[in-house]
1. Exactly one condition in (1) at pLDDT below 90; (2) within 20 Å of the chain's Cα centre (by Cα) is not met by LEU5; state its number.
2. Based on this model, can you work out whether ALA126 counts as touching a His at 6+ places or on another chain (Cβ under 9 Å), among the small types (Gly, Ala, Ser) and modelled with pLDDT under 95?
3. Please state which one of SER53, SER99, SER22, SER40 is modelled with pLDDT of 85 or more, surrounded by fewer than 16 Cβ atoms within 10 Å (Cβ to Cβ), out of contact with any Phe, Trp or Tyr (no Cβ under 7 Å at 6 or more places or on another chain) and of a type in the set (S, T, N, Q).
Amino acid sequence: MRALLQAGFRQREERVKVLIPSRMRAGGAWTDVCIHNVSSRGLMAGCDAPPPSGEYVEIRRGTIVIVGRVRWTDGRFFGVQAQDRLSVRSLIDEPRLTSRPKPANEVPTEAERRSNRRLEVEAQMARRLERSRAFASAFQYALAAAVVLIVAGLGASMVYDTLSRPAQQITQAMSGAAAQP
């Protein structure tokens, strides 16, 4: 049955769920993005104004640079097919640069500091969202387990009632036969 359902579909590579604040250059402009899941061939990210499908983007996390093409968009989220294979572990373990590397003679501006705060706020919101999803998942699991236990208890009670009636009749018949000599 499973083979019939998968006929004509490629095996989907496993995604690793992450929340990694990053920077993206699309169409010559830089913007903040948050990577939500990664595989060795691409990633899903989110931002306020996602690039259109077909556009080439450059995503930076620390010293790692990912060049790829946007394959789909859905609201704030978009999928990127990477030009090269990605090392999921190195992307997760890569420390985030507090700011882009600056030339020795450049002085930080107010706009760059606001950009860092925006990244921190988005990362905090992403962590809060992930905690909320984890809680909802645990609550859903507990609720499903409780429903299964209640249904199992009701089923066991019905089976007990069904099987105890003939046993009671047999017991009554045997006690009545033993009382008559």
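The values are calculated or read from the model by the stated rules, or taken from the named source; none is laboratory data. All of these numbers come straight from a predicted model, not from anything done at the bench. In this analysis, Cβ positions are derived from the backbone assuming ideal geometry, glycine residues included, and neighbour counts consider all displayed protein chains.
1. Unmet for LEU5, out of (1) at pLDDT below 90; (2) within 20 Å of the chain's Cα centre (by Cα): (2).
2. Values: touching a His at 6+ places or on another chain (Cβ under 9 Å): yes; among the small types (Gly, Ala, Ser): yes; modelled with pLDDT under 95: yes.
So ALA126 passes the test.
3. Every option except SER40 fails the conditions.
Residue by residue, here is whether (1) among the hydroxyl-bearing types (Ser, Thr, Tyr); (2) farther than 14 Å from PRO21 by Cα; (3) assigned to a strand (DSSP E or B) holds:
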site: ALA49; (1), (2), (3): no, yes, no
site: ARG60; (1), (2), (3): no, no, yes
site: TRP72; (1), (2), (3): no, yes, yes
site: PHE78; (1), (2), (3): no, yes, yes
